[in-house]
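This report concerns only the one structure given below.
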Amino acid sequence: MSAASTRFSAVLFDMDGVLVHSKPVVEKSWRTVAESLGRPISDPEMHELVHGRPGSYTVNALFPNASAEEQRQIHRRVEVLEERSPCASIAGVEKLIQSLVEYRIRFGLVTSGWQGRIEFVLQSLGLAGRFEVIVSRDDVSRGKPDPEPYLRAASLLGLSASETIVYEDSLSGVRSAAGAGAYCVGIGGEELLASGARTTVQDFTGITFQPRSPGEVVKRFPAGPELRMACSR
């Protein structure tokens, strides 16, 4: 079934790189800790091993010979640096979420982050308590790029993943969403298309909503598709 003929019922957001510009904070935190241990991180490694990955995966990939306790300590050092570091919001995201609320479109959060970081980010954006479901790294046994996080979020909403639109910025996140069967919108460049994104945008500016009939709106992307969305009662 084509996207044009599908009526989507919910929107799912990644957090880092989608709600907030966290990339500089994430990179600085991992580089600071890794370099203090004599393990510089290259740009390709940052792209493949850090962004969009659960921290446990990253620390194991960077320090495979460290003991489990040493890996936990390294991971915690990174989290301490990251947890309450402020980040600017992605352009247009607050307006988009206001539109979702206005049109009664369900939405949730699916992130590799942890509770303390999630709470800090959502409070800083004025979005605490707004997401119907939140799936964090602690809610799944297999993190992104495995489909489990998005399958779980859809299940909590009582939907199939194919009924959701997902916003993701990382290769692993796009693979997770696409693998679950969601319609993935990449926040970033066209390289995300190769990993399963159906379209890409640089940010949320220019995305509009147009009521079509009772219980349905059309979501329009700049120079992109029009997607039908159901409004909840």
Item to complete: Among what's in segment 112-126 and is over 15 Å from the mean Cα position of the chain (by Cα) and assigned to a loop (DSSP other than H, G, I, E, B), pick the residue that is surrounded by the fewest Cβ atoms within 10 Å (Cβ to Cβ).
Response: 126
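Residue-wise test of (1) more than 30 Å from residue 208 (Cβ to Cβ); (2) touching a residue at least 40 places away in the same chain (Cβ under 8 Å); (3) surrounded by 13 or more Cβ atoms within 10 Å (Cβ to Cβ).
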| site | (1), (2), (3) |
| --- | --- |
| 39 | yes, no, yes |
| 61 | yes, no, yes |
| 82 | yes, yes, yes |
| 86 | no, no, no |
| 98 | no, no, no |
| 103 | no, yes, yes |
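This table checks each residue for (1) free of Cβ contacts under 8 Å to residues at least 12 places away in the same chain; (2) in contact with a Ser or Thr (Cβ under 9 Å, 6 or more places away or on another chain); (3) open to solvent by less than 20 Å² (accessible area, probe 1.4 Å).
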residue: 7; (1), (2), (3): no, no, no
residue: 11; (1), (2), (3): no, yes, yes
residue: 20; (1), (2), (3): no, yes, yes
residue: 35; (1), (2), (3): yes, no, no
residue: 47; (1), (2), (3): no, yes, no
residue: 68; (1), (2), (3): yes, no, no
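Based on what the data block shows, is residue 56 open to solvent by 30 Å² or more (accessible area, probe 1.4 Å), among the hydroxyl-bearing types (Ser, Thr, Tyr) and either free of Cβ contacts under 8 Å to residues at least 12 places away in the same chain or more than 24 Å from residue 178 (Cβ to Cβ) (or both)? It would help to see each step written out before you state the result.
Details: open to solvent by 30 Å² or more (accessible area, probe 1.4 Å): yes; among the hydroxyl-bearing types (Ser, Thr, Tyr): yes; either free of Cβ contacts under 8 Å to residues at least 12 places away in the same chain or more than 24 Å from residue 178 (Cβ to Cβ) (or both): no.
No.
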Response to the item:
The one condition residue 212 fails out of (1) at pLDDT 95 or above; (2) open to solvent by 30 Å² or more (accessible area, probe 1.4 Å); (3) in a strand (DSSP E or B) is (1)
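Looking at segment 181-203 only, could you name the residues that are crowded, with 24+ Cβ neighbours inside 10 Å and either over 14 Å from the mean Cα position of the chain (by Cα) or in a loop (DSSP other than H, G, I, E, B) (or both)?
So in segment 181-203, the residues crowded, with 24+ Cβ neighbours inside 10 Å come out as 182, 184-187, 192, 197.
Scanning segment 181-203 gives 182, 197.
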Worksheet item: Within segment 152-171, is even one residue open to solvent by 20 Å² or more (accessible area, probe 1.4 Å), out of contact with any helix residue (DSSP H, G or I) (no Cβ under 8 Å at 6 or more places or on another chain), within 14 Å of residue 11 (Cα to Cα) and assigned to a loop (DSSP other than H, G, I, E, B)?
Response: yes
Worksheet entry | Selection from segment 212-233 of residues that are in contact with an Asp or Glu (Cβ under 7 Å, 6 or more places away or on another chain) and without any contact (Cβ under 8 Å) to a residue 12 or more places away in the chain | 218
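The values are calculated or read from the model by the stated rules, or taken from the named source; none is laboratory data. No experiment lies behind these values; they were computed from the predicted model shown. In this analysis, Cβ positions are derived from the backbone assuming ideal geometry, glycine residues included, and neighbour counts consider all displayed protein chains. These accessible areas exclude ligands, DNA and RNA; they are computed on the full protein's heavy atoms, side chains included. Shrake-Rupley method; radii C 1.70, N 1.55, O 1.52, S 1.80 Å.
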